[in-house]
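Below is one structure, written out as structure tokens, with a few remarks after it.
The values are calculated or read from the model by the stated rules, or taken from the named source; none is laboratory data. This structure is a prediction, so every number in the text was calculated from the model and none was measured. Please note: Cβ atoms are built from the backbone with ideal geometry, for glycine as well, and neighbour counts cover all protein chains shown. To get the accessible areas, we keep the full protein, side chains included, count just its heavy atoms, and leave off ligands, DNA and RNA. Shrake-Rupley method; radii C 1.70, N 1.55, O 1.52, S 1.80 Å.
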Amino acid sequence: MQKVPDKKGYFGQFGGKFIPETLSVCLEELEGAYRKALKSKKFKADLDYLLKDYAGRPTALYYAPNLSKFLGMKVYLKREDLLHTGAHKINNSLGQILLAKFMGKERIIAETGAGQHGVSVATVARLFGLDCDVYMGSEDIERQKMNVFRMKVLGARVIPVESGSKTLKDACNDAIRDWVTNVKNTYYLIGSVVGPHPYPLIVRDFQSVIGKETKRQILKKEKKLPDYLVACVGGGSNSIGLFHPFFDDRKVKFIGVEAAGYGFKKANAASLIEGEVGVLHGAKSYVLQDKFGQIKNAHSVAPGLDYPAVGPEHAFYKSIKRASYVGVEDKEAIEGFNLLSQLEGVIPALESAHAIFYLKKLAKKAKGKMAVVCLSGRGDKDLEIVQAHTKKR
Ligand SMILES: *Cc1c(COP(=O)(O)O)cnc(C)c1O
């Protein structure tokens, strides 16, 4: 296998560390500790235990009979929606909180957009009795009251960010400023395969449990590998987690599904399809920006896909054509949401519903083939959004 990232954190021409000098000490300490943790038997045993007994791994690989019949292809769902807190984010949060403990840190900070990552971090911080401060744009706080309350119930402090557009990218800036100032006792927990090296590597490794289990499970059930792996792409962690362990299995096609929002050329969050090569949050990748290089506001009906960039490993997969990336619009995602709910009795997160909808397009050219779809989360959190959309029509 081609080893990415390289020592400097590059996936081909993407990734790296585009950061102020003051941050490099923090990142080097983190990378050193991570390499050490990888060699520790206790670290691995602790993580395996928590993934199993706290989070609920391994998750089922469920053959979806009704959806398969409807589509005319064989569909398996990797059920990350069954995990504690209802999504794959807990895999990464557990890994990184153990790393923070391993480093002797006493305080966790994070930034969150819609609040899903914030909730996941608040959860694991509580488990370990660590202080937890979550930066969140004041606009986002207003929009996501339930997740803010959930974080507070879990004992986290939610710090409103009033600068700039008062959303995720401003929250990132404040979190980084905090980290540089307090690095001695503070761990910065990033929620997807984004940010400067070594974060895209660390988060990918912790999420790769998805793909490793899938491989074992599908070989047991089908005695062969699937033709397609399909997953939604926000920052890109559930998809990389599924894809990465299959990198060398060249016959297995990877399809990443981005949020095309209101449509291409309109407001969307499809960084790989509509974006340009640029730098955001310390890494080089595809970024949605205007002709002046200003970051555009992303749009998706799915809160977790509403991010104007994407992890550098996806940019790399795109450049070497290892994966293909497609877009699904808001209204199509809602159709995917209803389709899975009604056929299988499984209500998917709106993020995952993008991947479900794409199967309808794929089935037209892939009759009889086998696909594994990552069901990254459950849809309870999205019921109000879907209800509002249904009323509108
Ligand atoms: C956060 C989230 C995503 C998007 O994040 P990735 O890093 O792209 O996986 C997708 N699905 C759910 C349920 C989420 O909570």
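Take the residues in segment 382-393 that are within 16 Å of the ligand (Cβ to nearest atom) and surrounded by fewer than 17 Cβ atoms within 10 Å (Cβ to Cβ); name whichever of them is nearest to ILE218 (Cα to Cα).
Step by step, filter segment 382-393, then rank; the result is LEU383.
Within segment 211-237, track down each residue that is in contact with a strand residue (DSSP E or B) (Cβ under 6 Å, 6 or more places away or on another chain) and either surrounded by fewer than 22 Cβ atoms within 10 Å (Cβ to Cβ) or closer than 15 Å to LEU61 by Cα (or both).
Scanning segment 211-237 gives THR214, GLN217, PRO226, ASP227, TYR228, LEU229, VAL230, ALA231.
Where residues in segment 174-194 are in contact (Cβ under 8 Å) with a residue 12 or more places away in the chain and open to solvent by 40 Å² or more (accessible area, probe 1.4 Å), which of them is nearest to the ligand (Cβ to nearest atom)?
ILE176
Within the set of pairs 6 or more residues apart or between chains, which connect a residue that is polar (S, T, N, Q) inside segment 239-250 to a residue that is open to solvent by less than 10 Å² (accessible area, probe 1.4 Å) with Cβ atoms less than 6 Å apart?
Cβ pairs passing all conditions: SER239/ALA231; SER239/VAL233; SER239/GLY256.
I need the full set of residues from segment 148-165 which are among the aliphatic types (A, V, I, L, M) and open to solvent by less than 50 Å² (accessible area, probe 1.4 Å), in order please.
The answer is VAL148, MET151, LEU154, ALA156, VAL158, ILE159, VAL161.
Do you know which residues across segment 296-317 are surrounded by fewer than 21 Cβ atoms within 10 Å (Cβ to Cβ) and touching a Ser or Thr at 6+ places or on another chain (Cβ under 9 Å)?
Once the filter is applied, which keeps residues that are surrounded by fewer than 21 Cβ atoms within 10 Å (Cβ to Cβ) and touching a Ser or Thr at 6+ places or on another chain (Cβ under 9 Å), segment 296-317 yields only ASN297.
Consider ASP170 carefully, then state whether it is within 17 Å of ASP306 (Cα to Cα), away from the ligand (no atom under 15 Å from the Cβ), free of Cβ contacts under 8 Å to residues at least 60 places away in the same chain and open to solvent by less than 20 Å² (accessible area, probe 1.4 Å).
In short, yes.
For segment 352-381, which residues satisfy the criterion of being part of a loop (DSSP other than H, G, I, E, B) and away from the ligand (no atom under 16 Å from the Cβ)?
Listed by number, the residues that qualify are ALA366, LYS367, GLY368, LYS369.
Name every residue in segment 329-351 that is within 13 Å of the ligand (Cβ to nearest atom) and either open to solvent by 20 Å² or more (accessible area, probe 1.4 Å) or farther than 19 Å from PRO65 by Cα (or both), in order of residue number.
ALA333, ILE347, ALA349, LEU350, GLU351
Per-residue answers, yes or no, for (1) open to solvent by 70 Å² or more (accessible area, probe 1.4 Å); (2) in contact (Cβ under 8 Å) with a residue 12 or more places away in the chain:
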residue	(1), (2)
GLY12	no, yes
LYS17	no, yes
VAL25	yes, yes
GLU28	yes, no
GLY32	no, no
ALA45	no, no
LEU61	no, yes
LEU77	no, yes
GLY86	no, yes
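When residues of segment 305-351 are filtered for being part of a helix (DSSP H, G or I), of a type in the set (Gly, Ala, Ser) and farther than 18 Å from LYS381 by Cα, how many remain?
Summing the residues that are part of a helix (DSSP H, G or I), of a type in the set (Gly, Ala, Ser) and farther than 18 Å from LYS381 by Cα in segment 305-351 gives 2.
May I ask you to list the residues in segment 44-64 that are part of a helix (DSSP H, G or I) and either touching a Leu at 6+ places or on another chain (Cβ under 9 Å) or within 16 Å of the ligand (Cβ to nearest atom) (or both)?
LYS44, ASP46, LEU47, LEU50, LEU51, TYR54, ALA55
Condition first: within 19 Å of ALA33 (Cβ to Cβ) and more than 13 Å from the ligand (Cβ to nearest atom). Now tell me which residues in segment 203-231 satisfy that.
ASP205
Among the residues of segment 250-285, count how many are open to solvent by less than 40 Å² (accessible area, probe 1.4 Å) and within 16 Å of ALA323 (Cβ to Cβ).
The total comes to 11.
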